[in-house]
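Peer 1: My questions all concern the structure below.
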Amino acid sequence: MIKINMGCGKRYFGSSLKHIDSENYDHIDHNDILDFPYENIDLIYASHLISYFNVDEVCVLLEYWKKKLKSGGVLRLAVPDFKKICELYSRGISLNAFVGPLYGRMESDNNEIYHKFCYDEQTLTKLLKKLDFRNIRKWDHNKVDHGVYDDHSQAYIPHMDKENGTLISLNLECEK
(Lines give C-alpha, C1' and ligand atoms only; values in the text may rest on other atoms or scores of the structure.)
Protein backbone atom coordinates (compact mmCIF):
# COMPACT_ATOMS: atom_id res chain seq x y z
CA MET A 1 0.00 0.00 0.00
CA ILE A 2 1.12 3.52 -0.72
CA LYS A 3 -0.07 6.13 1.75
CA ILE A 4 1.07 9.74 1.72
CA ASN A 5 1.03 12.44 4.37
CA MET A 6 0.99 15.51 2.12
CA GLY A 7 2.35 18.79 3.48
CA CYS A 8 3.22 17.09 6.75
CA GLY A 9 5.78 19.62 7.94
CA LYS A 10 7.50 18.55 11.15
CA ARG A 11 4.95 15.82 11.84
CA TYR A 12 6.24 12.30 11.26
CA PHE A 13 3.46 9.71 11.07
CA GLY A 14 5.65 6.62 10.99
CA SER A 15 7.19 4.52 8.27
CA SER A 16 3.87 3.26 6.86
CA LEU A 17 3.34 6.64 5.18
CA LYS A 18 5.42 8.57 2.67
CA HIS A 19 5.95 12.16 3.80
CA ILE A 20 5.91 14.97 1.26
CA ASP A 21 6.68 18.56 2.21
CA SER A 22 8.69 21.45 0.77
CA GLU A 23 10.81 21.61 3.91
CA ASN A 24 13.80 19.30 4.40
CA TYR A 25 13.09 17.49 7.65
CA ASP A 26 14.78 14.12 8.17
CA HIS A 27 11.55 12.17 7.62
CA ILE A 28 10.66 13.79 4.26
CA ASP A 29 10.58 11.36 1.32
CA HIS A 30 9.91 13.95 -1.39
CA ASN A 31 9.69 17.76 -1.58
CA ASP A 32 7.06 18.60 -4.20
CA ILE A 33 3.31 18.17 -3.64
CA LEU A 34 2.67 18.91 -7.33
CA ASP A 35 5.30 16.62 -8.82
CA PHE A 36 6.13 13.38 -7.07
CA PRO A 37 7.05 9.90 -8.32
CA TYR A 38 4.39 7.78 -6.62
CA GLU A 39 1.58 6.13 -8.64
CA ASN A 40 -1.47 4.00 -7.79
CA ILE A 41 -1.68 5.58 -4.35
CA ASP A 42 -4.11 4.14 -1.80
CA LEU A 43 -4.37 7.24 0.42
CA ILE A 44 -3.41 10.88 0.16
CA TYR A 45 -3.87 12.68 3.46
CA ALA A 46 -3.55 16.46 3.71
CA SER A 47 -4.26 18.21 7.01
CA HIS A 48 -4.89 21.96 6.81
CA LEU A 49 -2.88 22.22 3.60
CA ILE A 50 -5.31 23.11 0.83
CA SER A 51 -6.33 26.37 2.53
CA TYR A 52 -2.95 27.77 1.47
CA PHE A 53 -4.13 27.75 -2.15
CA ASN A 54 -6.76 29.84 -3.90
CA VAL A 55 -9.64 27.98 -5.57
CA ASP A 56 -7.98 27.78 -9.01
CA GLU A 57 -4.72 26.54 -7.52
CA VAL A 58 -6.44 23.97 -5.33
CA CYS A 59 -8.33 22.57 -8.33
CA VAL A 60 -5.03 22.00 -10.15
CA LEU A 61 -3.55 20.42 -7.02
CA LEU A 62 -6.50 18.10 -6.37
CA GLU A 63 -6.72 17.07 -10.03
CA TYR A 64 -3.02 16.10 -9.94
CA TRP A 65 -3.51 14.11 -6.74
CA LYS A 66 -6.56 12.40 -8.25
CA LYS A 67 -4.47 11.24 -11.23
CA LYS A 68 -1.98 9.71 -8.81
CA LEU A 69 -4.61 7.83 -6.77
CA LYS A 70 -5.50 4.29 -7.76
CA SER A 71 -9.11 3.56 -8.69
CA GLY A 72 -10.98 3.65 -5.37
CA GLY A 73 -8.05 5.43 -3.69
CA VAL A 74 -8.93 7.81 -0.87
CA LEU A 75 -8.27 11.53 -0.66
CA ARG A 76 -8.55 12.48 3.02
CA LEU A 77 -8.64 16.19 3.80
CA ALA A 78 -8.78 18.29 6.93
CA VAL A 79 -9.38 22.05 6.78
CA PRO A 80 -10.38 24.69 9.32
CA ASP A 81 -14.20 24.52 9.58
CA PHE A 82 -15.39 28.06 8.89
CA LYS A 83 -18.97 27.28 9.96
CA LYS A 84 -17.87 25.89 13.35
CA ILE A 85 -15.56 28.84 13.88
CA CYS A 86 -18.42 31.26 13.17
CA GLU A 87 -20.76 29.36 15.51
CA LEU A 88 -18.24 29.48 18.36
CA TYR A 89 -17.47 33.15 17.70
CA SER A 90 -21.19 33.98 17.80
CA ARG A 91 -21.35 32.25 21.21
CA GLY A 92 -18.73 34.63 22.58
CA ILE A 93 -15.43 32.82 22.02
CA SER A 94 -12.71 35.43 21.45
CA LEU A 95 -11.53 36.03 17.90
CA ASN A 96 -7.99 35.42 19.19
CA ALA A 97 -8.88 31.72 19.54
CA PHE A 98 -9.34 31.47 15.77
CA VAL A 99 -6.49 33.53 14.34
CA GLY A 100 -4.32 30.45 13.68
CA PRO A 101 -7.00 28.34 11.98
CA LEU A 102 -8.34 31.29 9.97
CA TYR A 103 -5.09 32.78 8.73
CA GLY A 104 -2.66 29.87 9.01
CA ARG A 105 0.49 32.01 9.23
CA MET A 106 3.46 29.73 8.72
CA GLU A 107 7.07 29.81 7.58
CA SER A 108 7.70 27.86 4.36
CA ASP A 109 10.78 28.00 2.17
CA ASN A 110 11.98 31.07 4.10
CA ASN A 111 8.71 32.92 3.39
CA GLU A 112 5.65 33.62 5.48
CA ILE A 113 2.57 32.05 3.95
CA TYR A 114 -1.08 32.47 4.87
CA HIS A 115 -4.36 30.75 4.10
CA LYS A 116 -5.94 32.00 0.88
CA PHE A 117 -9.34 30.35 1.26
CA CYS A 118 -11.64 28.92 3.90
CA TYR A 119 -14.14 26.08 3.69
CA ASP A 120 -17.32 24.80 5.20
CA GLU A 121 -18.75 21.36 4.48
CA GLN A 122 -20.98 22.59 1.65
CA THR A 123 -18.17 24.48 -0.13
CA LEU A 124 -15.61 21.68 0.10
CA THR A 125 -18.16 19.04 -0.92
CA LYS A 126 -19.15 21.11 -3.95
CA LEU A 127 -15.50 21.46 -4.97
CA LEU A 128 -14.85 17.72 -4.63
CA LYS A 129 -17.97 16.91 -6.66
CA LYS A 130 -16.89 19.37 -9.36
CA LEU A 131 -13.64 17.40 -9.63
CA ASP A 132 -15.61 14.12 -9.91
CA PHE A 133 -14.57 12.66 -6.59
CA ARG A 134 -17.18 10.26 -5.23
CA ASN A 135 -18.42 8.91 -1.92
CA ILE A 136 -17.69 12.19 -0.10
CA ARG A 137 -18.07 11.76 3.66
CA LYS A 138 -16.83 12.98 7.02
CA TRP A 139 -14.09 11.02 8.72
CA ASP A 140 -13.30 10.73 12.43
CA HIS A 141 -9.70 11.19 13.58
CA ASN A 142 -10.37 8.57 16.28
CA LYS A 143 -11.15 5.93 13.66
CA VAL A 144 -8.25 6.21 11.19
CA ASP A 145 -4.86 4.57 11.57
CA HIS A 146 -2.95 7.87 11.47
CA GLY A 147 -5.29 9.35 14.12
CA VAL A 148 -2.82 8.31 16.81
CA TYR A 149 -0.65 11.20 15.62
CA ASP A 150 -1.80 14.63 16.73
CA ASP A 151 -2.24 17.19 13.98
CA HIS A 152 -4.67 19.94 12.98
CA SER A 153 -7.40 17.44 12.10
CA GLN A 154 -7.76 17.23 15.88
CA ALA A 155 -8.07 20.99 16.51
CA TYR A 156 -10.49 21.74 19.32
CA ILE A 157 -11.74 24.82 21.13
CA PRO A 158 -10.82 24.99 23.97
CA HIS A 159 -7.40 23.95 22.74
CA MET A 160 -6.77 20.19 23.09
CA ASP A 161 -10.03 19.60 25.00
CA LYS A 162 -11.01 16.55 22.97
CA GLU A 163 -13.57 15.36 25.54
CA ASN A 164 -15.58 18.55 26.10
CA GLY A 165 -14.42 20.90 23.35
CA THR A 166 -15.70 21.56 19.85
CA LEU A 167 -13.82 20.19 16.85
CA ILE A 168 -13.00 23.10 14.52
CA SER A 169 -11.47 20.97 11.79
CA LEU A 170 -13.68 19.87 8.93
CA ASN A 171 -12.52 16.36 8.06
CA LEU A 172 -13.80 15.06 4.72
CA GLU A 173 -12.64 12.17 2.58
CA CYS A 174 -13.63 10.93 -0.85
CA GLU A 175 -12.65 8.39 -3.47
CA LYS A 176 -11.31 8.55 -6.98
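Peer 1: Sort Ile157, Ile113 by heavy-atom solvent-accessible area, probe 1.4 angstrom, most to least. Could you put the intermediate results ahead of the total?
Peer 2: Values: Ile157 25, Ile113 50 Å².
My answer, sorted largest first, is Ile113, Ile157.
Peer 1: Stretched out fully, how many nm does the piece from Asp150 to Thr166 gain, at 0.36 nm a residue minus the Cα gap?
Peer 2: Net length gain for the segment: 4.2 nm.
Peer 1: Using per-residue counts of other Cβ atoms within 10 Å, averaged over each peptide, order 144-150, 77-83, 14-20 from highest down. Kindly include the intermediate steps, with their values, before the conclusion.
Peer 2: Working: 144-150: 14.9, 77-83: 23.1, 14-20: 16.9.
Averaged packing, sorted descending, gives the order 77-83, 14-20, 144-150.
Peer 1: Here's something else I'd like to know. To the nearest µm²/s, what D does Stokes-Einstein give for the chain at 37 °C and 0.692 mPa s, using the Kirkwood radius over alpha carbon pairs as Rh?
Peer 2: Estimated via Stokes-Einstein, D reaches 198 µm²/s.
Peer 1: At a Förster radius of 35 Å, what calculated FRET efficiency corresponds to the Cβ-Cβ distance of Lys129 and His27, to the nearest 0.05?
Peer 2: Working: r = 34 Å, r/R0 = 0.97.
Efficiency, rounded to the nearest 0.05: 0.55.
Peer 1: Oh, and also: Heavy atoms only, probe 1.4 angstrom, no DNA, RNA or ligands counted: give me Lys143, Lys3, Lys162 ranked by accessible area, highest first.
Peer 2: Working: Lys143 165, Lys3 40, Lys162 80 Å².
Correct descending sequence by accessible area is Lys143, Lys162, Lys3.
Peer 1: Write down the accessible area per residue of the chain in Å², having rolled a 1.4 Å probe over the full set of protein chains.
Peer 2: Here the residues of the chain average 55 Å² of exposed surface.
Peer 1: To the nearest 10 degrees, how steeply does helix 55-68 sit against the main Cα axis of the chain, on a 0 to 90 scale?
Peer 2: 40 degrees
Peer 1: Hey, another quick one. Leaving ligands, DNA and RNA out of it, report the carbon-plus-sulfur percent of the accessible area of region 1-155 at a 1.4 Å probe.
Peer 2: Carbon-and-sulfur percentage of accessible area, whole number: 48.
Peer 1: Suppose R0 equals 35 Å. What FRET efficiency, 1/(1 + (r/R0)^6) with r the Cβ-Cβ distance, do Glu175 and Cys86 give to the nearest 0.05?
Peer 2: Values: r = 29 Å, r/R0 = 0.84.
The formula returns an efficiency of 0.75 here.
Peer 1: In whole Hz, what ³J(HN,Hα) sequence does region 125-131 give by Karplus (6.51, -1.76, 1.60; θ = phi - 60°), x for Gly and Pro?
Peer 2: Running phi through 6.51 cos²θ - 1.76 cosθ + 1.60 with θ = phi - 60° gives 4, 4, 4, 5, 5, 4, 8 Hz.
Peer 1: With the contact rule set at Cα under 8 Å and sequence spacing of 6 or more, what percent relative contact order holds for region 100-176?
Peer 2: Worked out over region 100-176, it gives 27 percent.
Peer 1: Okay, next question. Give the whole-number value, in cubic angstrom per residue, of the convex hull volume spanned by the C-alpha atoms of region 94-176.
Peer 2: Details: hull volume 12.0 nm³, N = 83.
In region 94-176, the Cα hull volume divided by residue count equals 145 Å³.
The values are calculated or read from the model by the stated rules, or taken from the named source; none is laboratory data. Since we're looking at a predicted model, the values are computed, not measured. Every residue, glycine as well, gets a Cβ built from its backbone with ideal geometry; the counts of neighbours run over all protein chains shown. What goes into the accessible areas is simple: the full protein's heavy atoms, side chains included, and nothing from ligands, DNA or RNA. Shrake-Rupley method; radii C 1.70, N 1.55, O 1.52, S 1.80 Å.
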